[in-house]
Amino acid sequence: MSWKNVQLIFLREVRDQLRDRRTLFMVAVLPLLLYPLLGVGMVQMTVTFSEQVRRVVIVGADQIPAPSLIQNHRLDPVYFDSPEAAEKLKLVTDLPDGLDNETDPAVRKKLEAFFADVAQREKRLERLGNIQRQLVKLPPSSPEAESPAEEERILREEFESWFSKSPAQVLIVFPKDFLKQYEIVSRKLKERSGEVSGTIIPPRPILLHNSANEKSEMAYRRVQHALQNWEDVLLGERLRDAGLPLSLPNPVPITKIDLAEATQLAANVWSKIFPALLVIMSVTGAFYPAIDLGAGEKERGTMETLLISPASRTEIVFGKFLTVMVFSLSTALLNLVSMGFTGKHMLSAIGAARSSPLGDLSFPPLESLIWVVLLALPLSALFSALSLSLAMFARSSKEGQYYLTPLLLVTMGLTMFCLNPSVELNPYYSVLPVTGPALLLKALLLGSTETPVALYAIPVLITSCGYSGLALWWATEQFQREDVLFREAERFEIGLWIRHLLREKEPTPSFSEAAVCFVLVALLQFLFLTSMQGSLEQLNSPQKLVTVQLIYLIATVGAPPLFMALLLTTNVRRTLKLTFPSWNILALGLVLAFSLQPLALELMGRLDRFFPPLPPGARQLLEAMGSGSVPLWLSLATFALAPAVCEELAFRGFILSGLQHSGRRWLPIVISALLFGVIHMIPKQQFNAALLGIVLGLLAARSGSLLPGLLFHFCFNGTQVLATRLTPADLETPFLGWFVKLTGEDDAAHLQFQPLTLILCGVISAALLWKLIRSDSGSNAPESAGPT
Amino acid sequence: MYRFWKQEPFPHQDSFFQTASGFPNRDWRGNTSCSAKSVHFVRTDPSRRVSPTEIVERESLVFGNGSVGIPMIQVENLTKQFHDLKMGPLFALDHVSFDVQPGEIFGLLGPNGAGKTTCLRIFSTVLKPTSGRASIAGYDVVKQPEQVRSHIGFMSNNTGIYDRMTAWEMVEYYGRLYGIPEDQLQPRLNEIFQTLQMDSIRDVLGSKMSTGMKQKVSIARTIVHDPPVLIFDEPTAGLDVLVARAVLETIADLKSKGKCIILSTHIMREVEKLCDRVAIIHRGKILALGTVPELVEQHQQPDIEEVFFKLIRDLDQSSGPPLTGAVSP
């Protein structure tokens, strides 16, 4: 590949895009203008925004003990955080001058009627309060709670419809005897006479509100806060009167010290905003130029001119990729800068108006900004590569546009997942496509020093480059396909297509059929698992658990490839590789099963700390595998035989045959191994499975038969099942003692392999694998590539 | 991926001569195809990192002064099969074979959907044949596509020009892509623009050009690197009489320079006036091959048009109703 050509193409494309004045305006200039405009608009709106006053109605206001809650026809502002908060609540009481706040005579009339209503319903309101308090104490589905719950529901519905039509947002009712009883208790406390506790229960005031109604809820919150403060003051008065210490209600006075710094609080906010914004901007900034450079050029007819020049496909894709990446980066950074400046000014304008919980949202430090720019690079690269691949794949600009939404949904989903504070950078997440850079950026912006963030930078960057490379490779592949480059409108009819599928069958499945098989297996697994979650309690015995697992494997993994092979191909034997291999490879598979075992277990042991812990369901299953109550044959059948047969049929049979349709040597093996890994839901098993999948794929591809892989799989799993049945006594025997030793205490005991064993197995495995790789593809004659 | 060089014992093996239009080491201007006296070894520029060529065995290799006998285009049993949902497997090209010599204009004559565009696209390496071989300027289209593309100039209705580039910029860009060294690029551009009388449209943007101007720019782009082989797919389609004539004149001029030219058409006049030899193609098969007088005499018809219709009708009658519409692509 010559970089000169890449540079030529890149420079031309960039100059071309820049010459499109209108697009340039929309992409570059408009955002820079739009954000400030939006900001100014929003500031205007908040400044002129005045909240509607909410009405608080107090009935029985004459029963309020001193010092009163009410002052000058208003709720006393001393109980509120700020005088403005008190201003937002309008008070109406049933005192003689309580309606003075209302100037509108119609409203006064309504309120007078309302007071009469309240007097009428007071008893029932009390009853509702009592029942609710009762129900809180009882467990929800107990038989005693049934009739009160029913009564409560009826009362609540009645009051809800009445209250929503009333002019009040919050109603406080002080019962008739309240003041008298309150003073009795205060006096008794002062005199320390009689039993103060328990005997006299003063009638309870009621506060009625509807938390589902936002207006009522807002008023309620303010009132509740004031009531709390007022109650504290009353308690203070009572204690002082009684000569009791004021610290009585607060025996453990804890001083709370908050170490939060304003800059750190701001950093928390930025660490959530920036990654999400960066991802969105990169995707949208990459997508539209990519569509124009890919599908758009095909439509305008300038693609073929480029294709007949000496530039290779890779050079063309690379040149275009660099163009898209430049635009993605500039869009993202321009937007962020513009948003940042606007945001800062906006927030300071709003913050001056009222105190915001964010405090002073200072501009992020220069260091953080540098991180943002640096990590924009891998994100941009990935999205540019993906967008370009989709653009090359699309047959027209219109089709290409439709790919944006799924791409955006997936990337936003991943990003939202990252924003969750409990999601942290760990080895597993750092190698996933979008989550890696996003989490790294979040950690860098938080400035957290606990996790060695710098250490993660390397795997994140390397894997990001890897994924971009993969996407570019796929783009180049699409670019080589004639039917993607040239076919315009397709004549697609469902009936014809089905007939074509069923009648014009080929001996082995095609690539898309293999993909459909995989998707089917994954879907069935998912369905099975979710339906299992519900009935987990019924699977109380290990035996049942194991049996269910057996059925599940056969139904979800074994059945689809069988059916699909029968239905869609003419040569089931070749598709599912049901031939007998040479004895060499069979023996090779058998020996490999035993020689790779210690290595695999050792590797898993070492990597244990990198993976998240096993979910409870999986752990249950593993225990069931080794439990004594399950007969050995059943355990072997479920954990060794069934996986061997079903998974081989699916992944090395149908799917591998489908992938081999392209005529390549390594790609089908790698892809089938990856798919095999993906299907195991647990991360640790995924890694294990992917590695073993390569060995199994090699066995199947080189021998043209399923049997060596089947044997390998069965022996590999089988020895693990048997190992769980070993007792410490067995390990004392001289033979076994050579290879393994037991370490750790009883419960935490696990097998550890002698170094000699590991070295021996390593050498044998390497030799056998080398032999396998170098062997010819035997009876599996390569398909003629055909019109793929 | 590198494939290993399969060498056959050959006398002048150890001396690497330059051959058919190879930049950047020597002057690319010469009528290279005609004066190829040497073995077709190509020492590719190592910085391009393309795999070494195989020696293609040539029966008609001539040493000394002979310039005849080395076909620049060699097609052997070329087949291209497509799969259509409704019609099943289709042969766009069905075992087509012919040769084209340098200094010759070869015509592919056929109705729409005959396979002409498919054939020419295979030559330009944009499509790959299902079976058979084609070699252009000594390079196989499947195994050495990049060399093939360096040695051909291709023009069709689908090879458009960029909207936002001027004529000069467009031809200059492709000149650079074809590897013309910078010091030779500007003089070459000047020369082409003068010859094709394009000096007035040097700075006109593609979107603002008329059809005739666009065609001229396309031609300029096609010949900028002076390739030995030129491929024209319906060069006068959609053009008015004057522009069409100008195009045909240019093609004739190129022939006089010793280029090997193949063009596809369904216009009889062009065939009569321009083509040295013609192949009549229908449903992917070659029905007749030879010079115009030869064919007229062979089929006992007054002119090539009648020959054409006769052959088409015969084939249609024997194989059933004709295919409707163009076979894509």
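The values are calculated or read from the model by the stated rules, or taken from the named source; none is laboratory data. As the structure is a computational prediction, the values presented were derived from the model and not from experiment. Backbone-built Cβ (ideal geometry, glycine too); neighbour counts: all protein chains shown. Ligands, DNA and RNA are stripped out before the accessible areas are found, and what is left, the full protein with its side chains, is counted by its heavy atoms. Shrake-Rupley method; radii C 1.70, N 1.55, O 1.52, S 1.80 Å.
With θ set to phi - 60° and the Karplus curve 6.51 cos²θ - 1.76 cosθ + 1.60, what are the ³J(HN,Hα) couplings of the stretch B:144-159 in order, to the nearest whole Hz, using x for Gly and Pro?
Karplus-based 3J(HN,Hα) across the stretch B:144-159 equals 10, x, 5, 5, 4, 5, 5, 9, 10, x, 10, 9, 8, 5, 8, 8 Hz.
Given a 1.4 Å probe, how much area per residue of chain A is accessible, in Å²? Please report the intermediate quantities before stating the final value.
Working: 42000 Å² over 788 residues.
Per residue, chain A has 53 Å² of solvent-accessible surface.
Tell me which residues come under 5 Å, amide H to amide H, from residue B:154 once H is placed; ignore anything under 5 positions away on its chain.
Here B:231 satisfy the definition.
Work out the P(r) tail for chain A: percent of alpha carbon pairs separated by more than 38 Å, whole number.
Details: 193192 of 310078 pairs.
Value for chain A (Cα pairs over 38 Å): 62 percent.
Cα axis of helix A:262-291 to longest principal axis of chain A: angle in degrees, 0 to 90, nearest 10?
50 degrees
Using a 1.4 Å probe on the protein heavy atoms, what percent of the accessible area of chain A belongs to carbon and sulfur?
Whole-percent figure for carbon plus sulfur exposure: 64.
Counting partner chain Cβ atoms within 10 Å of every residue's Cβ in A:3-11, what's the average?
On the way: counts 1, 5, 4, 0, 1, 4, 2, 0, 1.
Mean inter-chain Cβ contacts per residue within 10 Å come to 2.
Compute the projected area of the convex hull of the Cα atoms of the stretch B:241-291, averaged over all viewing directions, and report it in nm² to one decimal place. Mind dumping the intermediate values first?
Values: hull surface 15.9 nm².
Result: 4.0 nm².
Per DSSP H run of at least 4 residues, take -39500 (n - 2.57); add these up for chain A, divide by its residues and hand me the 222 nm value, nearest 500 deg cm²/dmol.
Dividing the helical sum by the residues of chain A leaves -21000 deg cm²/dmol.
Which of the lysines could a cross-linker span from residue A:398 if the Cα-Cα distance has to be under 17 Å and same-chain partners fewer than 8 positions apart are dropped?
Within the straight-line cut-off, residue A:398 pairs with A:298.
My understanding is that a pair violates if its Cα-Cα distance is over 19 Å; which of A:4/B:208; A:320/B:143; A:4/A:320; A:165/A:215; B:285/B:310 do that in this structure? Intermediate values should be presented prior to the final figure.
Working: A:4/B:208 30 Å; A:320/B:143 25 Å; A:4/A:320 14 Å; A:165/A:215 13 Å; B:285/B:310 15 Å.
Over 19 Å apart, Cα to Cα: A:4/B:208; A:320/B:143.
Counting only residues 5 or more places away or on other chains, whose amide H sits under 5 Å from the amide H of residue A:59 once H atoms are built in the peptide plane?
Excluding prolines and chain starts, which carry no amide H, the hits are A:172, A:173, A:174.
If you bin the C-alpha pair distances of the stretch B:106-166 every 5 Å from 0, what whole percents do you get?
Values per bin, smallest distances first: 4, 16, 24, 22, 18, 10, 5, 1, 0.
Sort the following peptides by mean Cβ neighbour count (other Cβ atoms within 10 Å, averaged over residues), highest first: A:517-527, B:275-285, A:24-34.
Top of the packing list down: B:275-285, A:517-527, A:24-34.
Using only the alpha-carbon atoms of the stretch B:175-296 as identical scatterers, what base-10 log of I(q)/I(0) does the Debye formula give at q = 0.10, 0.12, 0.13, 0.17 Å⁻¹?
So the normalised log intensities are -0.37, -0.53, -0.61, -0.95.
Which whole number gives the average, over all residues in A:297-306, of C-beta atoms from other chains lying within 10 Å of the residue C-beta?
5
Kirkwood hydrodynamic radius, the stretch A:44-90, all distinct C-alpha pairs: what's the number in Å?
Its Kirkwood hydrodynamic radius stands at 12.3 Å.
For helix A:707-724, what angle does its Cα long axis make with the longest principal axis of chain A, in degrees from 0 to 90 and rounded to 10?
50 degrees
Calculate, in whole percent, how much of the Cα-Cα pair population of the stretch A:1-117 lies beyond 17 Å.
73 percent
Partner chain Cβ atoms within 10 Å, averaged over the residues of B:150-162 - can you pull that number for me?
Numbers: counts 2, 1, 2, 1, 5, 2, 4, 2, 9, 8, 7, 4, 9.
Partner-chain Cβ atoms within 10 Å, mean over residues of B:150-162: 4.
Output the relative contact order of chain A, whole-number percent, from Cα pairs under 8 angstrom with separation of 6+ residues.
11 percent
Counting protein heavy atoms only and a 1.4 angstrom probe, how many square angstrom of accessible surface do chains A and B bury in total, to the nearest 100?
For chain A against chain B, roughly 3500 Å² becomes buried.
Using every alpha carbon pair in the stretch A:379-457, what percent of pairs falls into each 10 Å bin from 0 up to the bin containing the largest distance?
For the stretch A:379-457, the pair-distance distribution reads 17, 42, 24, 14, 3.
Where does helix A:146-165 land angle-wise versus the long Cα axis of chain A, in degrees 0 to 90, nearest 10?
Taking Cα atoms only, the helix is inclined about 70 degrees.
Have a look at the stretch A:159-253 and give its Rg and Dmax from the Cα atoms, expressed in angstrom.
Using the Cα atoms of the stretch A:159-253, the pair Rg, Dmax is 16.9, 48 Å.
With only alpha-carbon pairs counted, each pair once and no self-pairs, how large is the Kirkwood hydrodynamic radius of the stretch A:56-141 in angstroms? Mind dumping the intermediate values first?
Values: mean 1/r = 0.0660 Å⁻¹.
About 15.2 Å, per the Kirkwood formula over Cα pairs.
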